[in-house]
Each structure stands twice: as structure tokens, then as C-alpha cells.
Amino acid sequence: MTLTWKHYALIATVGSIALLGGAFIFQALGYAPCKMCYWQRYPHAVAIVIGALALALGRRWLCWFGALAAATTGGIGIFHSGVERGLWEGPASCTGGPTAGLSAEDLMNQIMSAPLVRCDEIPWELLGVTMANLNALISLGLAVVWVIAARRPA
């Protein structure tokens with residue numbers, strides 16, 4: 001059986017669904033995401049929408065945008081991995097919230113009750129591979145699958 005562009009687009013879309021689902025499962029297990037963890041989720045959601053549109057509308061050229069979304073989350077994953085390993089600095093703050101109209105006491109209560117999730121700490125790893133590492137590697141692989149889908153003859 002020869003795989004068509006739609007097969008590859010489906011594989012890439014399901015890959016993003018699996019990665020995003022895995023992120024939510026880890027969160028449900030008590031691994032609170034940091035700011036960069038959230039940043040890595042958004043391109044997966046975009047890739048899922050792009051995949052659904054490409055498949056529903058039969059528009060192969062949309063796969064280029066799926067590749068861009070997957071490469072974006074892969075790049076964020078690489079950056080996050082470097083922050084975790086101390087190779088470079090991450091964002092100045094990985095937490096925050098609205099402060100407009102809060103008194104000093106309310107602001108202090110909000111700060112003290114907010115869970116601190118640092119981007120430069122590794123909450124989970126297996127054989128030296130972190131969640132950010134996994135996202136980077138798998139997402140870049142999905143970007144390749146998207147490119148194959150975009151270049152595959154109709």
C-alpha cells in the first residue's frame with residue numbers, strides 16, 4: 001500500500017494529539033506545567049486544527065503550515081531543554097497573573113498562594129530525557145512528516 005499525503009497528514013495530526021494529550025495526562029498526575037510548557041502546547045493545538053482542515057478540505061498545501069507549527073513547538077522544546085540544562089537563561093518569570101486593581105495585601109496573597117513552577121527545573125525525566133526533550137524530538141519528527149505530506153503527490 002502506498003501512503004498518500006492524507007495518510008502522512010493524519011499521522012502528523014494524531015502525533016500532535018498524542019503529545020498534547022500526554023501533556024494533559026502529566027498535568028493530571030500532578031506535574032504542573034511552567035510557562036514554557038504552555039508555550040509548547042499552543043503550536044500542537046494549531047497543528048491539530050491545520051490537520052483537520054487539510055484532511056476535511058483536501059488541501060495538501062496546508063501541510064506546510066502544519067510543518068511550521070510542529071517545527072515551532074520543536075524549537076520551543078529545544079529552548080526549554082537548554083534552560084532546564086542550564087545552557088542559557090530562560091524567561092525572567094515563569095509565573096504571573098493579573099495585578100490591576102489589587103491592593104498590596106491582595107497582591108501579596110496572590111503571590112504567596114500561587115504555585116511556583118520554574119522553567120529551569122526538571123520535574124520528570126526518564127534515562128536523562130525530560131518532557132521538554134521528548135517534545136522537541138517528537139515535534140521535529142512530526143515536522144518532517146508534515147513536509148513529506150506536503151511534498152507527496154496527490
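I need the calculated FRET efficiency for the pair Leu3 and Leu68, taking r as the beta carbon distance and R₀ as 22 Å, to the nearest 0.05.
Working: r = 22 Å, r/R0 = 0.98.
Once rounded, the FRET efficiency stands at 0.55.
To the nearest µm²/s, what D does Stokes-Einstein give for the chain at 20 °C and 1.002 mPa s, using the Kirkwood radius over alpha carbon pairs as Rh? Could you put the intermediate results ahead of the total?
Numbers: Rh = 16.8 Å.
Here the translational diffusion coefficient equals 127 µm²/s.
Rank Thr13, Thr72, Thr130 by mean-square fluctuation in a GNM of the chain with C-alpha springs under 10 angstrom and give only the top-ranked residue.
Thr130
Take the Cβ-Cβ distance between Trp88 and Arg59 as r, set R0 to 41 Å, and report the resulting FRET efficiency rounded to the nearest 0.05.
E(calc), rounded to 0.05, equals 0.60.
Gain in length, Ile122 to Val14, computed as 0.36 nm per residue apart minus the alpha-carbon separation, to one decimal in nm?
Details: separation 108, 0.36 × 108 = 38.88 nm, distance 2.65 nm.
So the extension gain works out to 36.2 nm.
Would you give the gap between the C-alpha center of region 36-83 and the C-alpha center of region 135-150, rounded to a whole Å?
Value for the Cα centre distance between the two parts: 9 Å.
To the nearest 10 degrees, how steep is helix 104-113 against the longest Cα principal axis of the chain, on a 0 to 90 scale?
60 degrees
Name the long-range amide H neighbours of Glu125: under 5 Å, sequence gap of 5 or more, or other chain; modelled H, no Pro or chain starts.
none
Name the residue, out of Val117, Val129, Val14, whose mean-square fluctuation peaks in a Gaussian network model built on the chain with Cα pairs under 10 Å.
Taking springs between Cα atoms under 10 Å, the residue moving most is Val129.
Given only helices, namely DSSP H runs of n ≥ 4 each adding -39500 (n - 2.57), what is the per-residue ellipticity at 222 nm of the chain, to the nearest 500 deg cm²/dmol? The partial results should precede the final answer.
Details: 5 runs with 100 residues, N = 154.
Mean residue ellipticity at 222 nm (helix-derived): -22500 deg cm²/dmol.
With springs only between Cα atoms under 10 Å, which of Gly128, Gly141, Gly30 fluctuates most in a Gaussian network model of the chain?
Evaluated over the chain, the most mobile residue of the options is Gly128.
Roughly how tilted is helix 131-151, in degrees to the nearest 10 and between 0 and 90, from the longest Cα axis of the chain?
30 degrees
On a 0 to 90 degree scale, rounded to 10, what angle separates helix 63-84 from the longest Cα axis of the chain?
40 degrees
Readers should treat all values here as calculations from the given coordinates under stated rules, not as data from a laboratory. Since the structure is predicted, the reported quantities are computational estimates derived from the model, not experimental observations. Note that we place each Cβ from the backbone using ideal geometry, even for glycine, and neighbour counts take in every protein chain shown.
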